[in-house]
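Note sheet for the following structure.
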Amino acid sequence: MSDIISKIGFLQQGPFAIPRWEALFANIDVLGRGALVTLLVSTLGLALALALGTLIGMMSASHVRPAKAFARAYVEFFQNTPLLIQVFMLYNAIPILYPGLFIPVIVIGILGVGMYHGAYIAEVVRAGIQSIGRGQLEAAISQGFTYVGAMRYIIIPQAMRIVLPPLTNQAVSLIKNTSVIAIIAGGDLMYAGDSFAGRFGHYGPTYIVVGLLYFLMCFPLARLAHRLEVRTRGN
């Protein structure tokens with residue numbers, strides 16, 4: 001009997017007590033708004049990362065020394081410094097360098113994850129480009145294509161089959177890494193969950209639901225990446 005009473009007490013007063021779950025689901029719209037911000041930052045951040053990564057990857061695979069040196073410096077800097085430090089630098093350094101310039105924290109989050117993952121995507125693109133025979137690029141240039149034109153119409157379309165799986169994995173990592181903007185009150189899912197939990201003390205249920213929401217956003221992409229990898233190995 002005492003065991004039953006203690007279990008009932010845990011359900012009513014413990015860290016995962018039923019009233020805590022009820023309070024969370026009564027305010028679930030708070031997490032919903034945070035999830036929408038996370039999706040917005042993830043989508044725009046991924047678009048920026050793809051644009052930067054493709055450009056930097058092409059520069060890294062070129063034989064133009066200044067372009068290659070710049071690409072190498074970009075990749076080394078962003079891969080070897082923490083994303084959190086980069087976001088802090090954007091958040092604190094921009095107002096110092098440009099007094100009076102206001103940049104919303106969501107934009108800082110987009111810039112932060114976009115530039116950070118752009119460095120990793122650049123390496124994926126570089127490897128994909130270099131996996132295509134050098135003779136194809138030389139043949140395209142001999143036919144009158146510029147370097148950019150040859151990359152756009154001949155090399156990159158062929159490399160896409162190779163780079164799609166790791167690009168999808170980068171998208172998964174990018175979604176998870178948007179949680180760092182919670183540090184600068186970015187209004188994302190992690191910030192919404194942490195603020196709600198800190199205000200009412202419902203840490204257990206809140207972090208479980210926040211984790212599940214991240215899982216729902218990332219798992220489909222992770223499965224897609226796995227299927228693409230299997231398909232690539234099969235070919």
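The values are calculated or read from the model by the stated rules, or taken from the named source; none is laboratory data. Source: prediction; values computed, not measured. Reconstructed Cβ throughout: ideal geometry from the backbone, glycine too, with neighbour counts over all protein chains shown.
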Mind checking which residues of the stretch 123-137 are in a helix (DSSP H, G or I), without any contact (Cβ under 8 Å) to a residue 12 or more places away in the chain and among the small types (Gly, Ala, Ser)?
-> Gly135
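Yes/no matrix, rows are residues, columns are (1) of a type in the set (Ser, Thr, Tyr); (2) more than 14 Å from the chain's Cα centre (by Cα); (3) at pLDDT 95 or above:
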{"position": "Met160", "(1), (2), (3)": "no, yes, no"}
{"position": "Asn169", "(1), (2), (3)": "no, no, no"}
{"position": "Gly186", "(1), (2), (3)": "no, yes, no"}
{"position": "Ala197", "(1), (2), (3)": "no, yes, no"}
{"position": "Tyr203", "(1), (2), (3)": "yes, yes, no"}
{"position": "Val210", "(1), (2), (3)": "no, yes, yes"}
{"position": "Ala222", "(1), (2), (3)": "no, no, no"}
From (1) more than 24 Å from Ile85 (Cα to Cα); (2) surrounded by 14 or more Cβ atoms within 10 Å (Cβ to Cβ), pick out the condition that doesn't hold for Ala171.
-> (1)
Would the stretch 136-157 turn up any residue that is under 18 Å from the mean Cα position of the chain (by Cα) and not acidic (Asp, Glu)?
-> no
Mind checking which pairs have a first residue in the stretch 18-36 that is within 13 Å of Phe200 (Cα to Cα) and a second that is β-branched (Val, Ile, Thr) and in a helix (DSSP H, G or I), Cβ under 7 Å, 6 or more apart or different chains?
-> Leu24/Thr206; Leu24/Val209
Quick one: in the stretch 209-235, which of the residues that are hydrophobic (A, V, I, L, M, F, W, C) and free of Cβ contacts under 8 Å to residues at least 12 places away in the same chain is farthest from Arg33 (Cα to Cα)?
-> Val230
With respect to Met160, determine if the residue is surrounded by fewer than 19 Cβ atoms within 10 Å (Cβ to Cβ) and on the phi < 0 side of the Ramachandran plot.
-> yes
What about Ala140, is it in contact (Cβ under 8 Å) with a residue 24 or more places away in the chain and either in a helix (DSSP H, G or I) or polar (S, T, N, Q) (or both)?
-> no
Met151 versus (1) touching a residue at least 60 places away in the same chain (Cβ under 8 Å); (2) closer than 30 Å to Thr38 by Cβ; (3) crowded, with 18+ Cβ neighbours inside 10 Å: which is the lone unmet condition?
-> (2)
Looking at the stretch 42-74, which of the residues that are of a type in the set (Val, Ile, Thr) and surrounded by 15 or more Cβ atoms within 10 Å (Cβ to Cβ) is nearest to the chain's Cα centre (by Cα)?
-> Thr54
Since Lys176 meets every condition but one in (1) of a type outside the set (Gly, Ala, Ser); (2) buried (at least 20 other Cβ atoms within 10 Å of the Cβ); (3) in contact with a Phe, Trp or Tyr (Cβ under 8 Å, 6 or more places away or on another chain), which condition does it not meet?
-> (2)
Among residues of the stretch 21-41 being among the charged types (D, E, K, R) and closer than 27 Å to Ile184 by Cα, the residue surrounded by the most Cβ atoms within 10 Å (Cβ to Cβ) is Arg33
What is the residue count in the stretch 131-146 for residues that are out of contact with any Gly (no Cβ under 8 Å at 6 or more places or on another chain) and either at pLDDT 85 or above or hydrophobic (A, V, I, L, M, F, W, C) (or both)?
-> 5
